[in-house]
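Report on the following structure.
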Amino acid sequence: MNILLIANELKYACGVTNHLLHLSHGLLKSKKVKLWIICGGGNGLDRFEDIDLKITVDKRFLHKERNIKNFVSSISHLVSFIKKNKIEIVHSHTHYAANIARNASKFIRLKTVQTNHGLLRTKGVLKHFSADKYIAINEHIYNYILKNNISKRKNVKFIRCGIPVPSEFLQKDYSKIKVIASSRFDFEKGLDIYIKAVAKLRDKIKSNAEFYIAGAGEHEAELKKLSNEKNAGIHFLGIVKDMYKLLSETHIFVYPSRSDSEGFPAVITEAGATGNLMISSDFIGSENVIEDNVDGLIFKQNDYISLKNILMKVLENYNEFIPVSKKLYRKTKKWFDMDTMINKHIELYEACLEK
């Protein structure tokens, strides 16, 4: 099968890019698929260097560069690309790419698939869902598609974003507890909440821990300023190229999102796979995976005092929460299995091509 994947950008510190990396590896390993990728650019192109696929960078596919001229031109280019490479299925990972592919399919015979990594709240000119088949990565996205009659049940597939998981729960050095948050530096990711919570911790508690933030984004300067003003003592690590290595050395992962349009962030499952205790806000979709006080700890969105109280309790008695980390590790290993993800994608592709 000749499959074309379309993404906005390929980057570091990006869940969609991580997913495409794992998906590409698995599909090519199956020997049933030949792959191409079109994207608008990004700082993580080198992450795909050891994979046997061709990446085409074309800024017309960037969401931020969207306009009528680029949209029409990208459709024309995609039709030519499909003909030249005998593409059978175009699998889009943004709604913008999905609309381009859907329009291209009017000029040339092919099937289109769209993976929905989140729910867009702001309505625009283009449809948020535009494909023959849909992949939902979390239950709340799957239910949203069906509830709103976007597509028939037979055309919607629920497939979690699989990740590599160590065969055993990682053993770590617990002499100094390392706490980390990692995401794009966007307002919706709520890193300011994490900073305020850490700043409120007593010095005695903080002396037994280290606090980190990994990532980058447009709000970097103001987050660093907030951390300095609050005397939070958080170390900013910048873009981390090997998050698995970093997470294998940390103990607590904090996900303070205030977003109401998350899919299910890959970094949460990566943290679970590497044995971190998960502390997360109650963003929409979190309840489908993280069970409070069972395999993670949940605080109310935007409530940094609640987060501070959880951090204080955990840092005072960290050993008591290791069983919680182990339960999330086991769930991650079962629910986010790589082979399961790849097999379900191949099944969907084969269904698309059935006569």
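Dimensions of the chain from C-alpha coordinates, computed as largest minus smallest value along each principal axis and given longest first, are 67, 41, 40 Å. With the charge dipole of the range 177-335 set up from +1 on Lys and Arg Cβ and -1 on Asp and Glu Cβ about the Cα centre, the Cα lying farthest toward the positive end among the listed residues Asn288, Thr269, Phe211 is that of Phe211. Among Lys83, Lys224, Lys59, whose mean-square fluctuation peaks in a Gaussian network model of the chain (Cα, cutoff 10 Å)? Residue with maximal mean-square fluctuation among Lys83, Lys224, Lys59: Lys83. Per-residue extension of 0.36 nm, minus the Cα-Cα distance of Asp339 and Lys106, leaves a gain of 80.5 nm for this segment. For the range 22-141, rounded, prolate or oblate, judged on the Cα gyration tensor with a ≥ b ≥ c (square roots of eigenvalues), a/c < 1.5 rounded, else prolate if a/b > b/c? Rounded, because the longest to shortest axis ratio a/c is under 1.5. Would you mind calculating the relative contact order of the range 177-335 from Cα pairs under 8 angstrom and at least 6 residues apart, reporting the percent as a whole number? Taking the mean separation of contacting Cα pairs over the length of the range 177-335, I get 26 percent. Volume of the convex hull of the range 177-335 (Cα atoms only), normalised per residue: 97 Å³. Taking trypsin sites (Lys or Arg not before Pro) across the range 162-193, the ones in a DSSP loop with at most 13 further Cβ atoms lying within 10 angstrom of their Cβ are Lys176. In this calculation the C-beta distance from Glu354 to Leu45 is compared with R0 = 56 Å, giving a FRET efficiency of 0.95. Bridgeable lysines around Lys245 (alpha carbons under 16 Å apart, same-chain partners fewer than 8 residues away excluded): Lys172, Lys178.
On full extension, the segment bounded by Ser73 and Glu229 gains 51.3 nm, given 0.36 nm per residue less the C-alpha separation. Given +1 at the Cβ of Lys and Arg, -1 at the Cβ of Asp and Glu and no other charges, the dipole of the range 177-335 around its Cα centre is 480 debye to the nearest 20. Rounded to the nearest 20 debye, the dipole size of the range 1-102 about its Cα centre is 340 debye, using +1 on the Cβ of Lys and Arg and -1 on the Cβ of Asp and Glu. At most 10 other C-beta atoms within 10 Å and a DSSP loop state: those are the exposed GluC sites (Glu not before Pro) I care about. Give me the longest piece of the chain that has none. That would be 219-353.
Using Cβ point charges alone (K and R +1, D and E -1), the dipole size of the chain about the Cα centre works out to roughly 1220 debye. Among Ala271, Ala209, Ala131, the residue with the largest mean-square fluctuation in a Gaussian network model of the chain, with springs joining Cα atoms closer than 10 Å, is Ala209.
When only alpha carbons of the range 141-214 are considered, Rg and Dmax amount to 19.9, 57 Å.
The mean sequence distance of close C-alpha pairs (under 8 Å, at least 6 residues apart), as a share of the length of the chain, puts its relative contact order at 17 percent. Cross-link list Lys206/Lys300; Lys313/Lys333; Lys189/Lys308; Lys204/Lys230; Lys83/Lys106: which exceed 19 angstrom alpha carbon to alpha carbon? The pairs that break the limit, which is 19 Å between Cα atoms, are Lys206/Lys300; Lys313/Lys333.
No lab work stands behind these numbers, since they all come straight from the coordinates. Not measured: the values here are computed from a predicted model. Cβ coordinates were reconstructed from backbone atoms using ideal geometry, including for glycine residues, and neighbour counts include every protein chain displayed.
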